[in-house]
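Student: One structure, pasted below without further comment.
Coordinate-derived values only; no laboratory data. Not measured: the values here are computed from a predicted model. Note: ideal-geometry Cβ built from the backbone for every residue, glycine included; neighbour counts use all protein chains shown.
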Amino acid sequence: MNIGIIGLGFVGLSLTSVLASKGFNVVGIDVDEEKCNKISNGISPFFEPDLEKTLKKGLKKNLQIKNDFSLIQSCDLIFVTVGTPQNKTGAIDLSIIKKAMNTLGKNIRKSKKQHTILVKSTVVPGTMKDVILPILENSSRKKAGKDFGLISNPEFLQESTAIRDTEFPHAVVLGGYETKFIKKMKLFFTKLHPKTPIIVTNHQTAEMIKYANNSFLATKISFINQLSNICQEIPGANVDDIARTIGLDSRIGKLFLNAGPGYGGSCLPKDMKALIKFATTAGVKPTLLNAVEDINVRQLEQIISIAKERLGNLAGKQITILGTAFKPNTDDIRDSIAIELIKKFLNRKVKITVHDPRALENTKKMFGNKITYEKTIRDALTKSQCAIIMTHWKEYSKINNNMINKMRKKIIIDSRRILSEKEINADYQAIGIGKNK
Ligand SMILES: NC(=O)c1ccc[n+]([C@@H]2O[C@H](COP(=O)([O-])OP(=O)(O)OC[C@H]3O[C@@H](n4cnc5c(N)ncnc54)[C@H](O)[C@@H]3O)[C@@H](O)[C@H]2O)c1
């Protein structure tokens, strides 16, 4: 079976590498020539644990990476994994996927194969039926369901565990009309993931499942952040003990209950905004979703007010940001809360130094010489008047009194409570722990 994957980002490259390493004939296609060259040489364009190892394994088998859409004609299965970002209003921007579908349609027009097209990109309900299907039918001059299959197949992987999540997904969703293509795909995924439940439904439900998933995760984060803010007003209260305990209740579950500076990353913020826009347009007032977003925005403001409380006027102050990646074990800074914080501080004329074990290069691409970059935590803290821990990198748990020795003012705001158990000789404020008044 020949498999094509269109778009080699976090989702596409993880899938490409996993399928190729398992011995499938795989063609990975991306518009970015430089990216294709890197990947062909076994180099991942971004950091993701185990990705390069899996990619190299795949390259030793039957994997081709090219900026050449015509290769898709030989593929039985075609996964579409291009980006679906947000536009300026927060609504979903479908321009990238529309373009990719048009090119795909033109390419399958000439082919005699009955391709099955699976869309993994996150799209709002109705997009498959009302946007993608007509584009594909027009550009291919073929009929969906008869000449080619079109299936919604949302992706649930998390960056930092993308390879494991691709190999062992918690669910496979197949959305579309009950045709021979769905039956074929049910068989394919049963063999690929024997232990994973397969949910067959229609397009619009499959599309909504993905938004339900991400908006629920965002809701859990805002919920614990709200509790964390209450804890801060109760001397000695600790949000982690609360999260750990309620997480033991299987009706609640322990994941996504880490209080912090708010949710960021390439998915939750954009998917929340897209769902809010979609609901509003559909005539439903998204009261809960709006509250979840509102709590998220306020969470960052809270960190800024703690810094102001301690430092007074922030202009000209030297602040160190520890962690710019949106989570540990990735170099992805897309919609990272730390990046948002840096932008807000720069507007207030704060002098910023940053440290991140993986994401310094991406941070440099964004801020250039507007801020200072340090490779070691110690250097990043030297002469600093306040350090703010933003990402839960395990490196930050090593911070001790010796390392903060050269800070000009020993003020630490710890949004992840990494140092809460340590004896640190500093004005230390952990988010989610009530200070004795
Ligand atoms: N990143 C995640 O954690 C994650 C998880 C689940 C779902 N998703 C969804 O999956 C989709 C992809 O996300 P991502 O993070 O992998 O995106 P990404 O931006 O990292 O990668 C998209 C890739 O598509 C390529 N591309 C753009 N136009 C193309 C075209 N016409 N033909 C071929 N390639 C093209 C880009 O060059 C890029 O390499 C999005 O809809 C996202 O919401 C992402």
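Student: Quick one: would you say Asp68 is closer than 28 Å to Arg334 by Cα, free of Cβ contacts under 8 Å to residues at least 40 places away in the same chain and surrounded by 16 or more Cβ atoms within 10 Å (Cβ to Cβ)?
Tutor: Judged against the criteria, Asp68 is not a match.
Student: Looking at (1) within 16 Å of the ligand (Cβ to nearest atom); (2) closer than 21 Å to Ser17 by Cβ, which is the one condition that is false for Ile135?
Tutor: Result: Ile135 fails condition (2) only.
Student: Taking the condition of being within 10 Å of the chain's Cα centre (by Cα) and not charged (D, E, K, R), how many residues in the stretch 264-285 meet it?
Tutor: Counting residues in the stretch 264-285 that are within 10 Å of the chain's Cα centre (by Cα) and not charged (D, E, K, R) gives 6.
Student: Of the numbered conditions (1) crowded, with 17+ Cβ neighbours inside 10 Å; (2) more than 14 Å from the ligand (Cβ to nearest atom); (3) charged (D, E, K, R), Asp165 satisfies every one except a single condition; which is it?
Tutor: With (1) crowded, with 17+ Cβ neighbours inside 10 Å; (2) more than 14 Å from the ligand (Cβ to nearest atom); (3) charged (D, E, K, R) applied to Asp165, the lone miss is (2).
Student: Would you check which residues across the stretch 247-266 are within 16 Å of the ligand (Cβ to nearest atom) and crowded, with 24+ Cβ neighbours inside 10 Å and list them?
Tutor: Tyr263, Gly264
Student: For residues that are within 13 Å of the ligand (Cβ to nearest atom) and part of a loop (DSSP other than H, G, I, E, B), scanning just the stretch 1-20, find the one that is farthest from Gln64 (Cα to Cα).
Tutor: Gly9
Student: Of Gly28, Gly58, Gly23, which residue is part of a helix (DSSP H, G or I) and either within 16 Å of the ligand (Cβ to nearest atom) or closer than 21 Å to Pro169 by Cβ (or both)?
Tutor: The unique qualifying residue is Gly58.
Student: What number of residues within the stretch 31-55 are more than 10 Å from the ligand (Cβ to nearest atom) and within 19 Å of the chain's Cα centre (by Cα)?
Tutor: The number of residues fulfilling the criteria is 6.
Student: Which of the residues belonging to the stretch 71-126 are of a type in the set (A, V, I, L, M) and more than 28 Å from Cys267 (Cα to Cα)?
Tutor: Scanning the stretch 71-126 gives Leu71, Ile108.
Student: Among the residues in the stretch 223-246, are any crowded, with 21+ Cβ neighbours inside 10 Å, of a type outside the set (Gly, Ala, Ser) and more than 30 Å from Gln318 (Cβ to Cβ)?
Tutor: Scanning the stretch 223-246, I find at least one residue that is crowded, with 21+ Cβ neighbours inside 10 Å, of a type outside the set (Gly, Ala, Ser) and more than 30 Å from Gln318 (Cβ to Cβ), so the answer is yes.
Here is a yes/no grid of residues against (1) surrounded by 23 or more Cβ atoms within 10 Å (Cβ to Cβ); (2) without any contact (Cβ under 8 Å) to a residue 40 or more places away in the chain:
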residue	(1), (2)
Leu288	no, no
Val297	no, yes
Ile304	no, no
Arg310	no, no
Gly323	yes, no
Pro328	no, no
Ser336	yes, no
Leu341	yes, no
